[in-house]
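Here's the structure, in structure tokens; my notes come after.
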Amino acid sequence: MRLIHTLPLFAATLLAACGNDPDEDLSGEALSMDEVIAEVRDNGIMPQPGEYSISSELVSIEMENGQVTDMAALEAAFREGAAEQSSFCVTEAMDREAWISAMQDNSCTLARLSAEGESIDLAMTCEAEDGPQGLITMTGTTGQTSSDMEMTFAQPIPGAGDANIVLNVATERMGDCG
């Protein structure tokens, strides 16, 4: 079960993140293949096929346009959810989009990708009934058997506004898929 699925306070779906960066022009909608082709530079390393563990750590949570009466409880809920371990399988047939979707336990479409060697910077739109939805950005490094990325997204909190969330997400190959 993924982090988003386990957080009891967050039944609402993810919305597009906003900021003064290249993602500002991206909507929460998936781009067509013609639009994506101009924004994909992929000379990066793909992970080896196998089962990967995922560990996450909350870096920050900030409220954008609202207030939460108990910010400490909100932060504790995210820290608890982030601490839960999960895993996913990478197959030889997967491309980068399928790999990222499997890691998110979701259906994601790349909106921007720049991968060179071990460095990766991407924006994607994801959709799932009870998982992350909207624009998610990830930057960091990925190797043949592990990755270390920072993931940023906005999470609507009913009656309080959007929480801007930043997580460190690390993966490590554990062996063959079971």
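The values are calculated or read from the model by the stated rules, or taken from the named source; none is laboratory data. Model, not experiment: these values are computed from the prediction. Note that each Cβ is placed from the backbone with ideal geometry, even for glycine, and that neighbours are counted across all protein chains shown.
Quick notes on this structure:
- In this structure, ASP148 does satisfy being within 23 Å of VAL40 (Cα to Cα), without any contact (Cβ under 8 Å) to a residue 40 or more places away in the chain and within 14 Å of the chain's Cα centre (by Cα).
- Test: residue in region 118-133 that is surrounded by fewer than 17 Cβ atoms within 10 Å (Cβ to Cβ), more than 17 Å from THR171 (Cβ to Cβ) and in contact with a helix residue (DSSP H, G or I) (Cβ under 7 Å, 6 or more places away or on another chain): yes
- Residue list for region 98-118, filter: of a type in the set (Asp, Glu) and at pLDDT 85 or above: GLU116, GLU118
- Of the candidates ALA93, ALA83, ALA72, ALA98, the single residue that is surrounded by fewer than 16 Cβ atoms within 10 Å (Cβ to Cβ) and under 18 Å from GLY134 (Cα atoms) is ALA98.
Residue-by-condition table, conditions (1) modelled with pLDDT under 75; (2) farther than 19 Å from THR152 by Cβ; (3) not aliphatic (A, V, I, L, M):
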site	(1), (2), (3)
PRO22	yes, no, yes
SER27	yes, no, yes
ASP42	no, yes, yes
PRO47	no, yes, yes
ILE54	no, no, no
THR69	yes, yes, yes
SER87	no, yes, yes
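- Screening region 66-112 for residues that are hydroxyl-bearing (Ser, Thr, Tyr) and touching a residue at least 24 places away in the same chain (Cβ under 8 Å) and picking the one that is farthest from ILE45 (Cα to Cα) gives SER86.
- Listed by position, the strands (runs of 3 or more DSSP E) contained in region 66-129 that have at least 3 residues being more than 13 Å from the chain's Cα centre (by Cα) are 86-90, 107-117.
- Checked against (1) under 19 Å from MET46 (Cα atoms); (2) of a type outside the set (S, T, N, Q); (3) in contact (Cβ under 8 Å) with a residue 40 or more places away in the chain, LEU135 passes all but a single condition, namely (1).
- Residues of region 153-178 that are within 26 Å of GLU64 (Cβ to Cβ) and modelled with pLDDT of 90 or more: VAL166, LEU167, ASN168, VAL169.
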